[in-house]
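The values are calculated or read from the model by the stated rules, or taken from the named source; none is laboratory data. Small disclaimer: the values here were computed from a predicted structure and weren't measured. Methodologically, a virtual Cβ is constructed for each residue, glycine included, from the backbone with ideal geometry; neighbour enumeration extends over all protein chains shown.
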Amino acid sequence: MTKDKKSKIQYTDKRPDWVPENAGDEFAARVMIGVESGNPAIPGQTSEHQAPHSAAKNKLSVDDHVEGVLKDDRGILAQSITLVESNSLKHIEKAQEVIKKILPHTGKSIRVGITGVPGVGKSTFIEVLGTDLCKKGHKVAVLAIDPSSAKTRGSILGDKTRMELLSREKNSFIRPSPSGGTLGGVTRKTRETIMLCEAAGFDVILIETVGVGQSEISVRSMVDFFMLLMLPGGGDELQGIKKGIMEMSDLLVINKAEEDNFAIVTSTLQNYKMALHYIQSATEGWTTEVLKTSALNSVGIEEVWAKVLEFIETTKKSGIHEQRRKDQVVEWVMSMVENELLQKFYNEPAVAALLPGIKENVRSGKTPPTKAVREILEKFL
């Protein structure tokens, strides 16, 4: 589609039928004019991956969700993911029932987190890697975390749909999700989404995050292998990369390593290799390395995946893989406790009634911040 054609796309106020009933503006999707009716096939995907077009799609039972996910019905999988992303109490309870029933079918994938500075080529890298894996017989799910609108909490980019080549592969599933402003740009329901994809038979889960920062530890806590993409340049960029993000990485990848900047790529490679001598590896028994790729030219991608497989084999033999998965479940529990407490706090009627006045008093200087905190917590407790 040309740029001119894109600019003429118009949208109705109608929501797609996989959006939960009574959902808020966090679900920013709208139906394009001209495609309101029917159920057009997804390019490259066969009919068994299409959800039946029915007015009852919003009324799926827990068993309907479970059965659809286990059969790899892409429409029901998408609806199930939307269900676990919902903040509605009704949807949260239903989602937890779904997760409970699909739990025995999870845990068999390779989970890879991929991060990097904006412009490093994460989407292109993931598309090339994912397409190559699909052609080799893998089922690949890409969970691309979009930045969120400060007003609607919905995705503001939606540009992950540009992975046109990967989206044509019948064994691929691409799911952009709004970050909702959460730490590290990762939705609080990403773990549940991973499980749904695993239950649907996807054996490789690629999680792309918004950018680089210490907060990306939230991604590290849910994947087996964590990869940091960087641009050629060394020097200033090396100073700009936080030590923390390098300490969490199992592999550093210099992307956009085209032939016309060979000297810069070589220099950058050496700089990062030297830097790694002063940083403890993220995983016990594994030495973090630096590789170079050109996703644009599909160069070096196979070497990166070979390194991922070597890592998985090494950590499974040492027991690190199993231990890490167990530790991640504990972190998941604690994360859910924190989310539950936050929800109970802000949903408490007394707190909700008090907050507007407290905020105004803090703005005007009538109430010191420390006193405001005490007043709010006393009202809650």
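Data table
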item: First in segment 307-318 and farther than 21 Å from L133 by Cα, second anywhere and surrounded by 15 or more Cβ atoms within 10 Å (Cβ to Cβ), Cβ under 6 Å, 6 or more apart; result: T315/H321
item: Scan of segment 74-118 for residues that are more than 19 Å from the chain's Cα centre (by Cα), at pLDDT 95 or above and in a loop (DSSP other than H, G, I, E, B), ordered by number; result: none
item: Candidates T283, T266, filtered to the one that is within 21 Å of L309 (Cα to Cα) and assigned by TED's automatic domain parsing to the domain that holds K122; result: T283
item: Options L133, L77, L60; residue that is over 24 Å from R168 (Cα atoms) and buried (at least 20 other Cβ atoms within 10 Å of the Cβ); result: L60
item: Restricting segment 333-355 to residues that are assigned to a helix (DSSP H, G or I) and among the charged types (D, E, K, R), the residue that is nearest to M222 (Cα to Cα); result: E338
item: Search result, residues across segment 188-221 that are out of contact with any Pro (no Cβ under 8 Å at 6 or more places or on another chain), among the hydrophobic types (A, V, I, L, M, F, W, C), assigned to a loop (DSSP other than H, G, I, E, B) and modelled with pLDDT under 90; result: V212
item: Residue match in segment 313-324 (condition: of a type in the set (D, E) and part of a strand (DSSP E or B)); result: no
item: Verdict on E302 being out of contact with any His (no Cβ under 6 Å at 6 or more places or on another chain), assigned by TED's automatic domain parsing to the domain that holds L133 and free of Cβ contacts under 8 Å to residues at least 60 places away in the same chain; result: no
item: Which numbered condition G137 fails, given (1) assigned by TED's automatic domain parsing to the domain that holds I312; (2) not in a loop (DSSP other than H, G, I, E, B); result: (2)
item: Residue check for E331: touching a Phe, Trp or Tyr at 6+ places or on another chain (Cβ under 6 Å), surrounded by 13 or more Cβ atoms within 10 Å (Cβ to Cβ) and not assigned by TED's automatic domain parsing to the domain that holds I92; result: no
item: Tally, over segment 260-288, of residues that are in contact with a Lys or Arg (Cβ under 9 Å, 6 or more places away or on another chain) and either at pLDDT 95 or above or over 22 Å from R220 (Cβ atoms) (or both); result: 4
item: Residue in segment 274-286 that is closer than 20 Å to K122 by Cα, in contact with a Ser or Thr (Cβ under 9 Å, 6 or more places away or on another chain) and assigned to a helix (DSSP H, G or I) present; result: no
item: Residue count, segment 83-113 (criterion: under 14 Å from T190 (Cα atoms) and in contact with a strand residue (DSSP E or B) (Cβ under 9 Å, 6 or more places away or on another chain)); result: 4
